[in-house]
Amino acid sequence: MVIGIIGAMVEEITPLLAHFGHYKEHHKGGNVYYEIAQGEHRIFIAYSKIGKVHAALSAGAMILSFGCEQIIFSGVAGALSAELKVGDLVLGLKLCQHDVDISAFGHALGFIPESKLYVESSPALNAIAREVANSQAIPLKEGIIASGDCFIANGEKKQWIARQFNAIAVEMEGAAVAVVCDACGIPFCILRSISDNADGSADISFDEFLESSAKRSADFVVQMCAKILQ
Ligand code: ADE
C-alpha cells in the first residue's frame, strides 16, 4: 500500500515527520515529498502550501508521480457549526467549493459543469477514522467541509457559507484534494482540527492554535495509518 498524507502548511506535517523519523526527500513541482518506508508499505508526506491550486498540485503529484493509492489530508479548519470548538476533530464526509460562482449561467453556487457540487470522501477511510476515534473515545464530528481560496474571518461570511452549503467547517484545500482524487479514482479522507471560529477573531485564534490543532489532527492520522497498514 502507498499512502499519501497532505497538509497545507509546514506546521501541519511537522508532527508527522517527527513521528516517522526517517525519510527520503523528493523535490517535484516546487514541493518536497517525504517518503517513509513502513515494511513493504510506503507513506508520502508533503505540505502543499495554502489554497486549492497548491493542494490540487500536491494531490496530483502524489497520485500520478508517486503512485499513492489512498490520500489523507491532515490539518486545521475554521468552525462554522456552533457545536465545534478549538481542538475538535472534524471528518469531512463531503467537500464543496464555496467560492465557485458560475451562477451567471444558471448554475448552482459551487457547481462546475461536468464536476460535482459535493464530492464524497471514502466510506472505507472514514470508517477507519471512526474506529480510531471510538477506540480512544476521541469525539469526531462529521459533516460537510467547504473549501475556498480565502481565510474566513467574518461572522456574516461564515454564516453564509454554513447556510448555503450546509457546512460545519471551512478551510482552503479539502475540496481540491477531493476533486483530484475523485477524478483519479483514489480513495481519500479529509481530517481537520479546529483552530478558530472563522469570525472576527479568527486570525488571532489561528495563530494561537495552529500548532496544537495541527498536531491533534496529525496524531490522529498517524493512528489511522497504523490501522490501514496493519
Ligand atoms: N483554516 C483554518 N481556519 C480557517 C478559516 N477561518 N478560513 C479558511 N481556512 C481556515
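Here are a few things to note about the model shown:
- Only residues that are of a type outside the set (Phe, Trp, Tyr) and touching a residue at least 40 places away in the same chain (Cβ under 8 Å) were counted across segment 27-72, and they come to 28.
- Filter pass, Glu131 being more than 16 Å from the ligand (Cβ to nearest atom) and within 21 Å of Ser213 (Cα to Cα): yes
- Enumeration of residues in segment 150-198 that are of a type in the set (D, E, K, R), open to solvent by 20 Å² or more (accessible area, probe 1.4 Å) and under 14 Å from Ala56 (Cβ atoms): Asp182
- From the options Asp203, Asp199, Asp182, Asp219, residue that is touching a residue at least 24 places away in the same chain (Cβ under 8 Å) and part of a loop (DSSP other than H, G, I, E, B): Asp199
- Segment 128-148 residues that are more than 20 Å from Glu83 (Cβ to Cβ) and of a type in the set (D, E, K, R), paired with ones that are more than 16 Å from the ligand (Cβ to nearest atom) and open to solvent by 30 Å² or more (accessible area, probe 1.4 Å) (beta carbon under 9 Å, 6 or more apart): Glu131/Lys227
- Subset of segment 96-117 (residues that are buried (at least 22 other Cβ atoms within 10 Å of the Cβ) and either within 13 Å of the ligand (Cβ to nearest atom) or part of a helix (DSSP H, G or I) (or both)): Gln97, His98
- Filtered residue count, segment 118-140, keeping only those that are assigned to a loop (DSSP other than H, G, I, E, B) and either within 19 Å of Val177 (Cβ to Cβ) or not small (Gly, Ala, Ser) (or both): 6
- Among the residues here, Leu16 does not qualify as touching a Gly at 6+ places or on another chain (Cβ under 6 Å) and in contact (Cβ under 8 Å) with a residue 24 or more places away in the chain.
- Counted as qualifying within segment 1-70 are the strands (runs of 3 or more DSSP E) with 2 or more residues that are open to solvent by less than 30 Å² (accessible area, probe 1.4 Å), namely 2-7, 31-38, 41-47.
- Selection status of Lys85, surrounded by fewer than 17 Cβ atoms within 10 Å (Cβ to Cβ), more than 30 Å from His22 (Cβ to Cβ) and touching a residue at least 12 places away in the same chain (Cβ under 8 Å): yes
- Matching entry among Ser201, Ser213 (being surrounded by fewer than 24 Cβ atoms within 10 Å (Cβ to Cβ) and within 16 Å of the ligand (Cβ to nearest atom)): Ser201
- Val86 being touching a helix residue (DSSP H, G or I) at 6+ places or on another chain (Cβ under 7 Å), part of a loop (DSSP other than H, G, I, E, B) and within 13 Å of the ligand (Cβ to nearest atom): yes
- The C-beta contact set for segment 150-177 (first residue farther than 19 Å from Phe206 by Cα, second residue open to solvent by 40 Å² or more (accessible area, probe 1.4 Å) and more than 9 Å from the ligand (Cβ to nearest atom), distance under 7 angstrom, 6+ apart or interchain) comprises Gln164/Leu109.
The values are calculated or read from the model by the stated rules, or taken from the named source; none is laboratory data. Everything numeric in this text was worked out from a predicted model, so none of it was measured. For neighbour counting, all protein chains shown are included, and Cβ atoms are generated from backbone atoms with ideal geometry for every residue, glycine included. Surface accessibility is based on the protein's heavy atoms, side chains included, excluding ligands, DNA and RNA. Shrake-Rupley method; radii C 1.70, N 1.55, O 1.52, S 1.80 Å.
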